[in-house]
Amino acid sequence: MLIKHIIHSCVAATLALSASTLFAETDPDFTDDILTMPRVIVGDTVYQDVLLQLDFAEGMFAVTGVGEGLSRFSAETVGIDEMLVDNINKRSWVNGSHACVINADAAMTASMDAVAYCDSLQFAAHDDWRAATSDEMADMIVNADRLGVQLNYRNPNCQFMATSDGFVQTENNDEPGKFEESAVNSGTRCMREN
């Protein structure tokens, strides 16, 4: 645990990035005084295969290799649609004409409709889509809005997203990411684990 803390401090200082979050997602590999950290998250950027040269005699270390960082969100074009990839949470989100598709008149059925719709969705050569939880949807909406990521909707004014366990306000509403118990005319945005 101490070496991870030291490594984290080293990577943060060497990358010279201001970060609110920095952690290694997997255990590092240590071979021949080179420490390889497969995936390091610094703020809203993911770095892969960070290499540190350790000198225990001098009590020093240096970053000898850092791959290009991936921003938190990236877009993949799928025909005329788009898939939004969250590189930090390792999730993909439908971001196009398949987003905000449920137009439930009765808020009580919207979550069930969202679950059924996402379970049957085949998009971007994947059939393992599912309805997000309110926490997952809120995290995506808040961070996409914060980072200026364009969320596309079939209905551009979509105000609420139905989730598997409730509703979440979109960036088109007063409080993006806020949980709601019910909402009429909500849509949904399916997601999958990468």
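The values are calculated or read from the model by the stated rules, or taken from the named source; none is laboratory data. As the structure is a prediction and not an experimental result, all values here were calculated from the model. Counting neighbours? That spans all protein chains shown, and the Cβs are built from the backbone with ideal geometry, glycine included.
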Checking S164 against (1) touching a helix residue (DSSP H, G or I) at 6+ places or on another chain (Cβ under 9 Å); (2) farther than 16 Å from A132 by Cα, which single condition isn't satisfied?
-> (2)
Residue, surrounded by the most Cβ atoms within 10 Å (Cβ to Cβ), within segment 141-158, restricted to residues that are outside any loop (DSSP other than H, G, I, E, B) and among the hydrophobic types (A, V, I, L, M, F, W, C) = I141
For segment 43-64, state whether one or more residues are surrounded by 15 or more Cβ atoms within 10 Å (Cβ to Cβ), touching a strand residue (DSSP E or B) at 6+ places or on another chain (Cβ under 7 Å) and modelled with pLDDT of 90 or more.
-> no
Yes or no: M161 assigned by TED's automatic domain parsing to the domain that holds A116, touching a residue at least 24 places away in the same chain (Cβ under 8 Å), part of a strand (DSSP E or B) and not acidic (D, E)?
-> yes
Could you say which residue among V101, V85, V115 is at pLDDT 95 or above, of a type in the set (A, V, I, L, M) and in the same structural domain as K178 (by TED's automatic domain parsing)?
-> V85
